1. Any chance you could give the angle, 0 to 90 degrees and rounded to 10, that helix 160-170 forms with the longest Cα principal axis of the chain?
2. Could you state, as a whole-number percent, how many of the C-alpha pairs of segment 103-202 are farther apart than 20 Å?
3. For the charge dipole of segment 9-150, defined by +1 on Lys and Arg C-beta atoms and -1 on Asp and Glu C-beta atoms about the Cα centroid, which residue among L21, Q54, I123 has the Cα displaced farthest towards the positive pole?
4. Cα axis of helix 228-240 to longest principal axis of the chain: angle in degrees, 0 to 90, nearest 10?
5. Under the rule a/c < 1.5 gives rounded, and otherwise a/b versus b/c splits prolate from oblate, where does segment 1-50 land using the Cα gyration tensor?
6. Give me the dipole magnitude in Debye, nearest 20, for segment 1-86 about the Cα centre, with unit charges on the beta carbon: positive for Lys and Arg, negative for Asp and Glu.
7. Work out the charge dipole of segment 54-102 with +1 on the Cβ of Lys and Arg and -1 on the Cβ of Asp and Glu about the Cα centre, then indicate which of N74, L93, T63 is farthest towards its positive end.
8. Highest mean first, how do 45-54, 222-231 rank when packing is the count of other Cβ atoms within 10 Å averaged over residues?
Amino acid sequence: MKQKILLTGKGGQVGSELYRLLPRLGDLVAPDRRELDLLDPDSIRRVVRNIRPQLIVNAAAYTAVDAAEGDEANAYAVNAIAPAVLAEEAKKLGAAVVHYSTDYVFDGAKAEPYEEMDPANPISVYGKTKLAGEQAIRSTGVPHLIFRTAWVYATRGRNFLLTILRLATEKEELRIVRDQIGAPTWSLEIAGATTKILAQVIERSSVTSAFSEVSGTYHLTAAGETTWCDFARAILEEASHTPQSIPWFDAATGGRRLATRHIIPITAQEYPTAAARPAYSVLSNSLLVQTFGVALPDWRTQMQRCFISESIAANLLAE
Ligand SMILES: NC(=O)c1ccc[n+]([C@@H]2O[C@H](COP(=O)([O-])OP(=O)(O)OC[C@H]3O[C@@H](n4cnc5c(N)ncnc54)[C@H](OP(=O)(O)O)[C@@H]3O)[C@@H](O)[C@H]2O)c1
C-alpha cells in the first residue's frame with residue numbers, strides 16, 4: 001500500500017530536496033508555513049489529524065544559530081515543542097517520524113568523531129533547543145529516525161557556500177575561522193541518504209513495525225573533516241572552474257567576478273558571534289553505515305558534485 005507522507009519545511013535546504021525525492025516513496029503532502037505554522041501547536045494537531053500520514057518527515061527548524069540567542073522562545077517553539085507535538089500526533093496515528101538534528105548538540109571538547117551515545121552538551125541556544133527536540137521525540141515512544149547532520153549548504157537558502165561566493169566578489173581578502181572543525185554536508189546528499197534509508201525501511205513491512213526495529217538517533221554527515229577556512233578555500237577553488245551563466249552561481253555572485261586573492265586564517269576569538277560554536281563537531285557515521293549500508297561521500301567530493309550537478313542541470317535547462 002502507498003504510504004502517505006507529511007513533509008514540513010519544503011522550502012528549506014534539506015526540505016526542498018526531500019520535496020523532489022520523497023514522492024517516489026508515497027503520496028507526499030507538504031504544507032508550507034502558511035498552512036502549517038510550527039509556532040502554533042493547534043495548527044500542527046489540526047493538520048496532522050486532517051492528513052493522517054503514516055510517516056512525518058520534519059525538515060523544518062529554526063536554524064538561525066546567532067539569532068536564536070536573542071529569540072529563545074521562538075527557537076524553542078519550533079525546534080522542541082513542534083517536534084514533540086508532531087511525535088505525539090504520529091504516535092496516536094500509529095505513524096513514524098523522521099527528524100533532523102545537529103552537530104551543535106555537542107560542546108566540541110572531543111578530539112575524535114562523536115558517536116551517537118556520546119553525552120550531548122550544547123553551548124548555544126540553538127543547540128539546546130535542538131537537543132530538547134530530540135529528547136521530546138524519544139520520550140513519546142514514537143518509532144523514529146533522528147538524523148544529526150552538520151554544516152549544511154545548498155545552492156539556495158542561507159549558508160556558508162553562498163556567503164563566501166558573495167563576499168568573494170566584494171573583497172580581495174577574506175578572514176575565515178581556522179579553529180572550528182566539522183564536515184560540510186550538501187543538502188541533496190542528506191535528502192538522498194534519507195530517501196534510500198526510508199525506501200529500505202518501507203520495503204520491510206508496515207512502516208511502524210519496520211521503524212521500530214531501527215528506531216533511534218544516527219549521525220548523517222559528509223565523511224572527512226575540515227575547517228571553515230579550508231572549506232572557504234575549496235569553495236573558491238571549485239568556483240574558479242565554474243563557468244559563469246549558471247543561474248545559482250550568478251545569483252550568489254550577482255554576476256560579478258570573484259575578487260578574493262587571499263584567505264587569511266583567523267581564530268574564532270577574532271570573529272566573535274552571538275552564539276558559541278563547538279571547536280570540534282565531527283560526527284562518526286559508523287552506525288548509519290552498519291545499520292543501513294548508506295555512506296555519504298567525503299565533504300570535498302560532495303562539494304564538487306554540488307557545483308558540477310547544478311551546472312549540468314542549468315545547461316540542460318538552457319538547451
Ligand atoms: N543549516 C545547517 O547548517 C544545519 C546544520 C545541522 C543540522 N541542521 C538541521 O537540518 C535540518 C534542515 O535544515 P535546513 O538547513 O534545511 O533548514 P533551512 O534551510 O533553514 O529551512 C528551514 C525550514 O523550516 C521552515 N520553518 C521555520 N520556521 C517554521 C515555522 N514556524 N513553521 C513552519 N515552517 C517553518 C522554513 O520555512 P520558510 O521556508 O517559510 O522559511 C524552512 O522551510 C534542521 O533540522 C536543522 O536544524 C541544519
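What follows draws every value from the coordinates through simple rules; no lab data is involved. This one's a predicted model, so the numbers in the text were calculated from it and none came from an experiment. So basically every Cβ, Gly included, is an ideal-geometry build from the backbone, and we count neighbours across all protein chains shown.
1. Once rounded, the angle reads 30 degrees.
2. Everything past 20 Å amounts to 55 percent.
3. Positive-end residue among those listed: Q54.
4. Taking Cα atoms only, the helix is inclined about 70 degrees.
5. Cα axes put segment 1-50 in the oblate bin.
6. Using only the charged Cβ atoms, the result is roughly 740 debye.
7. L93
8. By packing density, highest mean first, the sequence is 222-231, 45-54.
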